[in-house]
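To start, the structure itself, in structure tokens.
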Amino acid sequence: MSNPFSPAQLASLAAQFGTPLWVYDAATIRQRIAQVSNFDTVRFAQKACSNIHILKLMREQGVKVDAVSRGEILRALAAGYQAGGEPSEIVFTADLFDADTLACVVEHRVPVNAGSIDMLHQLGAVSPGHAVWLRINPGFGHGHSNKTNTGGEHSKHGIWHTDLPAALAAIAQHGLTLTGLHMHIGSGVDYSHLAEVCGAMVELVRTTHAAGHDLHAISAGGGLSIPYRSGDPVIDTQHYYGLWNTARQQAEAIVGHKLGLEIEPGRFLVAESGVLLGEVRATKNAGANHFVLVDTGFNELMRPSMYGSFHAMEVLRKDGGSGAITRPTVVAGPLCESGDVFTQGDGGVVLPRELAEARVGDLLVIHDTGAYGASMSSNYNTRPLIAEVLVDGGQARLIRRRQTVEQLLALEEGL
Ligand code: LLP
């Protein structure tokens, strides 16, 4: 339910940079970082928002970074991050390697958070001594949707908990260096299960120690949710840290020395900093429904179509009026597809919203789009990626230019 910007500010940004437009607020990101800074290492899951300038902001605040592809490693390097060191500024997390990515982690000495035993064999064969984390699937998981649950036997993620001894044997076989154990059981997690997660981590540390392996750190993964709707729970980061710190202390008692404690949030650090700004281009009625058609679609913000996710919205009336809406209204985008609708319920059902009555030329502001917005955009319907703007201390800066159709066509023309 967060929009850090004033209507006048958004109107001026729309006039300056055009719509659709992603807008981020640096101050909100810094506040969220401060809320989790009692962890020894805050590692940003950059898949949530991977613009180089956002990564630079993170780095300035002492936040380290997770990368899940060769592209994300190169982005982190472009933002000034360096691999290596303890803890490493960059860690690569995945369940498999392609050949180019394996070569990249070896070249840049990026520690690997391995989600499969095959990764350990493939890495060990070419880079003995390489630093590794083990990402463990504890046998259960949670998420805001079944598409974001990353634990349990239906999840492709992580090394199954009972395979930990086999993973440790692969580490020993190749002389890899174990840095730590990692768990990320899902995104948008229900915290009533946190004690179970922490307990599972302590047991994994016990197994690792008993197998004769030392380790330096444990990672709580990401998954912290944010209040998308009014009334949604707001995460108590002190309580969250407290439970993990207790787990760390229990793990330290097992290994007999200090252990670093990492957290790896994506959404929590950036979601509330961002809005997606669109313009109303048409309105129409269909039976009982009123349609407001805007110039931004699911090729920009995929979350409502993909997960049925709720995003609060507001209409900024060009005439300054604020008449509340009186009829069921569907807010939809320009794509040639029926599911290009932002007002979706959890089951994909279109719901009426409390919006101001919108007219052509008004602005539509979609809240909480700083995470998994721009980073999940596509070129569907041959729509170029849109611009991104970062507002810091009242100054607005273009941090990604709008892509052009010519750039898209150039990849295919002349072949
Ligand atoms: N660490 C790992 C290994 C992950 O796979 C993820 C997210 C995170 C950390 C960060 O999770 P977060 O703190 O943001 O919940 N596109 C979906 C979310 C997919 C998350 C994938 N992995 C969405 O829009 O809700």
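In segment 131-146, which residues are surrounded by fewer than 20 Cβ atoms within 10 Å (Cβ to Cβ) and either more than 26 Å from G186 (Cβ to Cβ) or more than 15 Å from the ligand (Cβ to nearest atom) (or both)?
G139, F140, listed by residue number.
Would you call M306 within 16 Å of the ligand (Cβ to nearest atom), assigned by TED's automatic domain parsing to the domain that holds A374, among the hydrophobic types (A, V, I, L, M, F, W, C) and at pLDDT 95 or above?
Criteria not met by M306.
Just one of (1) closer than 20 Å to W160 by Cα; (2) touching a Ser or Thr at 6+ places or on another chain (Cβ under 9 Å); (3) charged (D, E, K, R) trips up D232, so point out which.
Status for D232: all satisfied but (1).
Would you tally the residues in segment 50-88 being surrounded by fewer than 20 Cβ atoms within 10 Å (Cβ to Cβ) and of a type in the set (D, E)?
2
Would it be correct to say that L408 is within 30 Å of I52 (Cα to Cα) and crowded, with 20+ Cβ neighbours inside 10 Å?
No.
Output yes when any residue across segment 26-35 is away from the ligand (no atom under 16 Å from the Cβ), crowded, with 19+ Cβ neighbours inside 10 Å, small (G, A, S) and not assigned by TED's automatic domain parsing to the domain that holds A387, and no when none is.
yes
So which of F97, F92 is closer than 22 Å to H184 by Cα, among the aromatic types (F, W, Y), surrounded by fewer than 24 Cβ atoms within 10 Å (Cβ to Cβ) and in the same structural domain as I185 (by TED's automatic domain parsing)?
F97
Tell me yes or no: at least one residue of segment 79-101 is closer than 24 Å to E272 by Cβ and of a type in the set (G, A, S).
Yes, some residue in segment 79-101 is closer than 24 Å to E272 by Cβ and of a type in the set (G, A, S).
Of the conditions (1) aromatic (F, W, Y); (2) touching an Asp or Glu at 6+ places or on another chain (Cβ under 9 Å); (3) more than 25 Å from S145 (Cα to Cα), F298 fails just one. Which one is it?
Exception for F298: condition (3).
Where the second residue is part of a helix (DSSP H, G or I) and at pLDDT below 95 and the first is assigned by TED's automatic domain parsing to the domain that holds D163 and among the charged types (D, E, K, R) and lies in segment 119-133, which pairs have Cβ atoms under 6 Å and are six or more apart or on separate chains?
Cβ pairs passing all conditions: none.
Output the residues belonging to segment 117-131 that are β-branched (V, I, T) and under 19 Å from E107 (Cβ atoms).
V126, the sole residue that qualifies.
Can you find even one residue in segment 340-347 that is modelled with pLDDT under 85, surrounded by 14 or more Cβ atoms within 10 Å (Cβ to Cβ) and of a type outside the set (V, I, T)?
Within segment 340-347 (the criterion being modelled with pLDDT under 85, surrounded by 14 or more Cβ atoms within 10 Å (Cβ to Cβ) and of a type outside the set (V, I, T)), the answer is yes, since at least one residue qualifies.
Failed condition for G71, given (1) without any contact (Cβ under 8 Å) to a residue 24 or more places away in the chain; (2) more than 18 Å from the chain's Cα centre (by Cα), with all others met?
Of everything listed in (1) without any contact (Cβ under 8 Å) to a residue 24 or more places away in the chain; (2) more than 18 Å from the chain's Cα centre (by Cα), G71 misses just condition (2).
Can you name every one of the strands (runs of 3 or more DSSP E) wholly within segment 202-288 that holds 2 or more residues which are surrounded by 24 or more Cβ atoms within 10 Å (Cβ to Cβ), in contact (Cβ under 8 Å) with a residue 60 or more places away in the chain and more than 16 Å from the ligand (Cβ to nearest atom)?
274-286
Could you tell me whether any residue of segment 172-180 is assigned to a loop (DSSP other than H, G, I, E, B) and modelled with pLDDT under 95?
No, segment 172-180 contains no residue that is assigned to a loop (DSSP other than H, G, I, E, B) and modelled with pLDDT under 95.
List every residue pair whose Cβ atoms sit under 6 Å apart, with the two residues 6 or more apart in sequence or on different chains, where the first one lies in segment 390-413 and is free of Cβ contacts under 8 Å to residues at least 40 places away in the same chain and the second, anywhere, is assigned to a helix (DSSP H, G or I) and surrounded by 11 or more Cβ atoms within 10 Å (Cβ to Cβ).
Pairs found: none.
Please go through segment 363-411 and pick out each residue that is of a type outside the set (S, T, Y), in a helix (DSSP H, G or I) and either more than 16 Å from the ligand (Cβ to nearest atom) or not assigned by TED's automatic domain parsing to the domain that holds N299 (or both).
N381, V405, E406, Q407, L408, L409, A410
The values are calculated or read from the model by the stated rules, or taken from the named source; none is laboratory data. Because the structure is predicted, anything quoted here is derived from the model rather than measured. No Cβ is skipped: glycine too gets one built from the backbone with ideal geometry, and neighbour counts run over all protein chains shown.
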